[in-house]
Every structure is written in structure tokens, then in C-alpha cells.
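This report concerns only the one structure given below.
The values are calculated or read from the model by the stated rules, or taken from the named source; none is laboratory data. None of these values were measured; they are calculated from a predicted model. Don't worry about glycine lacking a Cβ; one is built from the backbone with ideal geometry, like all the others, and counts go over all protein chains shown.
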């Protein structure tokens with residue numbers, strides 16, 4: 001038996017310093033046009049209350065910004081959506097801070113940095129900002145993080161017959177972790193997935209791909225950011241070209257996807 | 001038996017959506033014991049696994065639930081690149097209660113790509129990363145051995161166990177702080193329901209490290225004495241470590257095995273490190289688990305509470321249980337035996353709930369002397385022999401992340 005499921009994409013959000021939203025990313029991915037966008041240092045993440053926005057670490061801001069864009073495009077209330085936040089590395093800067101502080105003066109660990117260090121911090125801030133009490137999860141799957149998060153979100157949408165927000169993001173490496181973690185630039189993508197949606201921009205038909213006998217994946221893309229594994233899908237969405245894609249959802253597990261419009 | 005039949009009939013009527021899964025194997029290793037029998041004995045004898053903190057690298061004055069012997073149990077040489085305290089504990093647990101053999105048999109039976117692996121952790125192997133920062137080389141870089149370790153990211157746990165078991169299905173690490181290894185059951189149930197796997201190996205592993213000891217200490221949540229869940233005079237939590245695994249298969253495979261009959265997941269939408277003051281998020285998770293299981297509150301025989309012994313958690317959770325359940329429901333926290341094992345708390349306490357069903361035994365609340373006035377008659381200090389047909393397990397985490405699991409006895 002090869003299981004399959006069909007899911008609609010209702011909204012897309014993107015954040016990177018060069019492409020701070022889906023329209024700018026679509027322009028670049030669609031026709032390869034150089035888009036003159038000055039790098040944006042900090043995502044607006046306007047859904048966060050002002051105080052939280054000032055205090056929130058970058059890992060939270062980029063994920064929340066992409067999530068907010070996708071919900072706006074889908075015309076869905078953030079408070080209504082179960083969500084899956086996926087990140088391979090979490091907040092690298094906070095982990096660098098925690099490990100460095102523990103080595104130097106453990107009693108000086110900041111309580112705020114500690115609770116912001118949890119892998120579900122972006123999801124937690126998102127629920128607080130949007131008043132969302134739905135199922136909230138935060139997952140990680142190394143280089144296969146995007147595909148694994150997509151499977152988790154699509155399966156939830158399919159089984160529960162409800163729209164689900166997927167957010168995949170990773171920040172750039174820093175500190176002593178620079179030569180350990182290869183993520184070279186911050187990138188976040190968000191998709192609102194919905195079964196049986198009349199307003200889907202595109203539909204994905206997903207089934208399990210050929211089992212590869214490849215060794216475990218380490219780090220997926222040229223930027224080293226596992227969230228960027230979504231780029232072939234985003235390029236297809238930008239060009240509105242029906243096509244087939246494959247995305248890794250485990251070291252020996254992949255999803256074949258047919259995209260149609 | 002009539003009562004049990006009635007429960008099953010109710011399940012069949014109301015839970016067409018939630019296909020129950022058989023829990024065909026499970027194991028847990030924690031401070032209170034290695035394996036199910038050892039844990040059951042410690043629970044029955046009310047023997048706590050907590051000890052005064054003796055971790056020389058982290059000399060914080062507190063009590064901890066440390067698993068003995070991890071230091072002397074290196075991974076097999078084939079897995080040397082995965083060396084960490086967390087992976088050692090994962091390997092110990094895999095090789096307890098015959099779990100490795102049961103998992104391998106399932107992989108052979110279904111095919112490696114038809115078995116999913118979903119594990120939970122809060123801090124994964126960050127203890128090893130902390131060690132790398134304490135032992136930088138002369139240039140301020142990680143030592144070569146540390147640079148080559150495959151441990152410095154959250155999914156290291158899932159990746160290690162995936163390699164160690166040779167499982168090729170969907171593979172995910174859930175990291176929602178202290179609800180992580182409860183949510184693995186919900187994700188696995190959906191994957192099986194959607195046909196993306198025929199069986200799932202779920203579990204969770206978290207180990208003591210500086211980040212959690214000093215982090216919880218900075219939040220003023222660590223007790224200087226052994227934790228006393230639900231005691232009026234409690235002073236915070238004791239941190240612990242644990243690893244546990246369960247094998248989930250279609251409910252028809254083994255009708256005598258206990259089953260997962262419902263899961264509830266929710267968010268507080270309130271605060272990053274404090275629970276919702278009225279427990280609204282927790283209540284939502286509990287009600288969702290009951291609804292999916294087709295159960296009413298009065299059908300629940302035992303609840304393993306989150307019960308961390310923090311001031312806020314226990315007050316909010318006690319009030320929630322008092323308003324939702326009849327006096328006949330037996331509820332307790334077992335963290336006085338194990339400590340708060342964070343990302344492994346979900347699987348550890350799911351295993352306690354399964355032991356309660358399998359052994360007809362409900363553990364009380366160790367170290368509690370005089371219960372908080374917020375506690376209703378449901379929360380018990382003493383152990384009891386008790387027929388447990390339906391058991392719940394609560395797990396709540398930072399970020400306001402809640403999960404409740406419902407288990408029921410299999411066909412006798």
C-alpha cells in the first residue's frame with residue numbers, strides 16, 4: 001500500500017533578509033528577476049505585542065513573521081489554526097549564550113534566555129500573540145526538517161479535516177557553534193495547508209517516494225539552512241507550473257509530490 | 001467485565017475517528033529503576049530515586065533524579081560518533097525489557113519503511129555541547145572529537161535511534177519542552193491512521209545537564225529538598241532524567257495489550273514559563289482526550305498528574321482535577337520517585353499509567369505530607385491496589401504546551 005493524501009495550499013509566508021515576504025520571493029523565484037531589496041535586518045512580526053517584539057529573539061521573529069504572512073494570505077485567523085513549527089537548530093544564539101555562560105559562571109544564566117531556549121519558543125510566542133489554544137507543536141528532523149514538518153502538518157490536516165499552519169525556520173549560525181552548525185543565513189517559510197479547500201492557490205498530492213538507500217542526510221541546501229529545502233516547492237508555486245517534486249522526510253524516507261493549480 | 005464491555009461499546013460508538021492503538025511493548029529507565037519491574041517495585045515500596053546532587057560539573061545544592069551507571073556505560077564502538085549522556089541513556093533503555101528485540105521484530109514484520117519513529121526531548125544532547133564549551137582548544141574551538149560528534153542539534157536523538165534500530169519510516173523529534181514525549185503518541189496515532197506507517201516506535205529521552213539545572217534555578221523553580229508534589233509547603237521541583245519507549249500497532253494486532261484510546265493537545269496562549277492561572281489550556285487538552293476516547297470523567301480510574309511540585313503548576317492542576325473529576329477518581333504525581341524528567345516526562349508517566357492498568361496498582365504521591373488546600377479528594381498520598389481500566393497522563397510544558405493521553409485496558 002502506498003498511502004497518499006491531497007492537500008491545498010491557501011497561504012504562503014516567507015522571510016529572509018533579502019526576500020522579506022512572498023511577493024519579493026515569488027518575483028525572484030518566478031522569473032529570476034533581480035529584486036532590488038535592501039536586506040532587512042529585523043522582521044516586523046507585527047502580531048507580537050510591542051514589548052514581546054522587543055524582547056523576542058530572532059528565531060521567534062522570523063518564524064512569527066512568516067506565519068503571520070501566510071495566515072493573512074489565507075484569510076485565516078491565527079487563533080483558529082493548529083500549527084507545526086519545525087526548526088533543525090532552534091535558537092543558535094541562545095544555545096551559544098547558555099553554553100558559554102555555563103562554562104564561565106553558571107549562576108549567571110538569564111531566566112528569560114533559558115525559557116526562550118526551548119525549541120517551542122516560536123510556537124509559544126505565536127500562541128500568545130494570536131490567542132491560539134489549538135494543538136501546537138515544535139519538531140526537528142535535521143536536514144529533513146522541512147519535509148518531516150510538511151508530513152506532520154499535512155497528516156494532521158488530513159486526519160482532522162482542518163486547516164493547519166506549517167512554519168519552517170532556522171536562524172544563521174553564530175559563536176562557537178559557527179563551525180558545527182552549517183546554517184549560513186536566516187530563512188523562514190510558512191504554509192497554510194487545508195484539505196478540501198475551495199480557495200487553495202495550489203494543490204499537493206503527496207505519497208511516499210522510493211526508499212533511498214542513501215546515508216543519513218546531514219545538511220540540505222547550499223545555504224545550509226534546512227528550511228530552504230522548501231525552495232523547489234516555492235519555485236513551482238511562483239511559476240504556477242504543475243510539476244513533480246521530491247522532498248526528504250527522513251534519512252531513508254521521501255515524499256513525492258505532484259503540484260497542480 | 002460487564003463494566004469493561006460497556007466501556008468498550010462506548011468506545012466503539014464514540015471514537016470512530018480515533019482508531020485505538022495497541023501498546024504492544026513499553027519500557028522506561030529512570031532514577032527509580034531500570035525497566036518496568038524495577039520501577040513498579042520502587043513505586044510499591046515507596047522508594048524514591050532522588051538523591052542529593054552529586055554531579056561534580058554542576059554543583060547546585062538540590063536533589064536530582066539521576067540514573068545510576070550512565071557514566072560507566074559507553075555506547076558500542078560502532079556508535080562512537082553519537083556519544084553523549086542522552087544517547088547512552090537512550091541505548092540503556094532500548095536494551096531493557098527486551099524492547100530492542102520487540103522493535104526489531106516489528107521492523108522485520110512490517111518492513112523498515114513502514115515503521116515510524118517519533119521521539120521527544122527537551123534538551124537532547126546539549127550536555128555534550130556544554131562539555132565542548134568547557135573544553136575548548138587553545139584557539140577557542142571545539143576539540144576535534146567534539147567537532148566530529150553528531151550530537152549538537154535537537155534531532156540528534158531521533159537520528160541516533162533511527163540508526164541504532166535501522167528504522168526507515170517517517171522520523172521526527174518533537175521538542176515542546178515537558179510535553180514532548182506525550183505528544184509523540186498523538187503524532188504516531190495520526191500517521192498510522194493516515195496509512196503512512198503500520199507501527200510506530202515512540203518515546204522520549206532527556207538527561208541532566210547544566211542548562212536545565214541552572215536554567216530552572218534561575219527561574220527559582222528548583223527545590224532545595226526532594227520535591228513534594230501537591231504538598232501545601234512545597235518548594236519547587238527536583239530535576240531528573242529518564243528514557244522510555246513504546247511500540248504502537250493497530251489495535252486489532254493484539255487485543256489483550258493495553259491501548260491508547262485518546263490524545264488531547266492544546267496551548268495556553270498565556271505565558272512562556274507560567275501556566276494559565278485557571279488551567280484553561282490544560283482543561284482543553286483533558287477534555288479533548290476524553291472526547292476522542294469516548295469517555296466521561298467518571299470512567300477514569302487513575303490519572304498520572306503533571307504535578308511538578310512548582311507552586312503554580314500544582315495549584316492550577318489540583319483545581320482543575322477537583323472541578324472535573326468525581327471523588328472516586330484516583331490521581332497522583334509520581335515525580336517524588338523520578339524527579340521531573342522534562343522531555344522524558346510524557347513517556348515515563350505514560351509507562352506508569354500502563355503499569356497501573358497492567359498491575360492493578362495506583363501509586364500515590366511520594367513526599368507529600370499535607371496536601372495543598374486546592375487539592376480535592378482525587379489527589380492521594382498513599383498507594384492503593386485498584387482495578388485500573390482507564391488511566392490518563394497529563395504533561396504540560398513551557399510555552400504553555402499541553403498534552404493529555406488516555407489509555408485503556410485491553411481485552412482480558
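The table for this structure:
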item	result
Considering residues of segment A:164-208 that are surrounded by fewer than 16 Cβ atoms within 10 Å (Cβ to Cβ), in contact (Cβ under 8 Å) with a residue 24 or more places away in the chain and within 13 Å of chain B (Cβ to nearest Cβ) only, the residue farthest from residue B:155 (Cα to Cα)	A:207
Any hit, segment B:263-281, residues being in contact (Cβ under 8 Å) with a residue 12 or more places away in the chain, closer than 30 Å to residue B:38 by Cα and either more than 14 Å from every other protein chain (Cβ to nearest Cβ) or touching a helix residue (DSSP H, G or I) at 6+ places or on another chain (Cβ under 6 Å) (or both)	yes
Checklist (1) facing another protein chain (nearest Cβ under 9 Å); (2) part of a strand (DSSP E or B) applied to residue B:142, failing item	(2)
Residues of segment B:122-134 that turn out to be part of a loop (DSSP other than H, G, I, E, B) and at the interface with chain A (Cβ under 9 Å from one of its Cβ atoms), as a count	3
Residue in segment A:73-80 that is crowded, with 24+ Cβ neighbours inside 10 Å, over 24 Å from residue B:220 (Cα atoms) and either at the interface with chain B (Cβ under 9 Å from one of its Cβ atoms) or modelled with pLDDT of 95 or more (or both) present	yes
Residue that is nearest to residue A:207 (Cα to Cα) [pool: residues in segment B:191-209 that are within 9 Å of chain A (Cβ to nearest Cβ) and buried (at least 24 other Cβ atoms within 10 Å of the Cβ)]	B:196
Criterion: under 12 Å from the mean Cα position of the chain (by Cα), surrounded by 24 or more Cβ atoms within 10 Å (Cβ to Cβ) and within 7 Å of chain B (Cβ to nearest Cβ) - qualifying residue of A:155, A:139	A:139
From A:63, A:67, residue being surrounded by 24 or more Cβ atoms within 10 Å (Cβ to Cβ), more than 13 Å from every other protein chain (Cβ to nearest Cβ) and in a helix (DSSP H, G or I)	A:67
Residues satisfying the stated conditions in segment B:153-190, i.e. more than 7 Å from chain A (Cβ to nearest Cβ) and under 18 Å from residue B:262 (Cα atoms)	B:179, B:180, B:181, B:182, B:184, B:185, B:186, B:188, B:189
Scan of segment A:102-122 for residues that are facing chain B (nearest Cβ under 8 Å), under 17 Å from residue A:177 (Cα atoms) and outside any loop (DSSP other than H, G, I, E, B), ordered by number	A:102, A:103
